[in-house]
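The values are calculated or read from the model by the stated rules, or taken from the named source; none is laboratory data. These numbers were taken from a predicted model, which means no experiment stands behind them. A quick note on method: Cβ atoms are made from the backbone with ideal geometry, for glycine too, and the neighbour counts reach across all protein chains shown.
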Amino acid sequence: MIQLYWQHSTLLTFLKSQGASLPHVMPEYLFEPDDYRKWTKIQAVLQAHTANLTKGAEKNLVIFSNKQMLILEDSVFETISKQAWTDVLLQVYKVFVLPRVSSHNTADVINLENMPRINSELLSSNIYSPYERIILTWLNKNYENNRVTVWKDAQKGDFFPLFSHFSYSFVDFKNHH
């Protein structure tokens, strides 16, 4: 169990050092459900044992977190674990694949003169990396170039959303408004 915990902890530390954003993912969230149950039992015993120790002996006991331990029900753990793994995989993609997106291969994407509707703040965002901004700009350029074809019957003044946020821009607007 300890080795598995440290492997997951090391993975998260490495990804964070490369620029991944995973402050909400704990190493134990990456366990299999059986391993998580074993882990929580071990941690509960260690915390109970620590509570009974004197202050002097406490420093010799290895405790992996000084936070209050939250023991999740199986169904909750499964949901959190799936989200944690999804976030880890997406951050791996962000850290190791997106940097391969090259602006010199998409030089015409950066020219926004032909697209006055796109907010220029997108290009100066400190939330997204340059690679993510290139992708959002590419999406907007292609969207602008092709929306007339897709929505032939659109009336002047109809709302056509822009892609400016990875989480919100890709929802189905018909089902969410």
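Overview of results
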{"read-out": "Any hit, segment 83-97, residues being loosely packed, with under 13 Cβ neighbours inside 10 Å, aromatic (F, W, Y) and at pLDDT 65 or above", "value": "yes"}
{"read-out": "Matching residues, segment 27-47, being out of contact with any Ser or Thr (no Cβ under 8 Å at 6 or more places or on another chain) and aliphatic (A, V, I, L, M)", "value": "I42, A44, V45, L46"}
{"read-out": "Enumeration of residues in segment 43-74 that are at pLDDT 80 or above and under 29 Å from the mean Cα position of the chain (by Cα)", "value": "Q43, I71, L72, E73, D74"}
{"read-out": "Where a residue in segment 91-102 is under 9 Å from A20 (Cβ atoms) and its partner, wherever it lies, is modelled with pLDDT of 85 or more and of a type in the set (A, V, I, L, M), with Cβ under 8 Å and at least six apart", "value": "Q91/L15; Q91/A20; Q91/L22; V92/L15; V92/A20; K94/A20; V95/L15; V95/A20"}
{"read-out": "Boolean, L22 is assigned by the TED database to the domain that holds T79, closer than 30 Å to P130 by Cβ and not in a helix (DSSP H, G or I)", "value": "yes"}
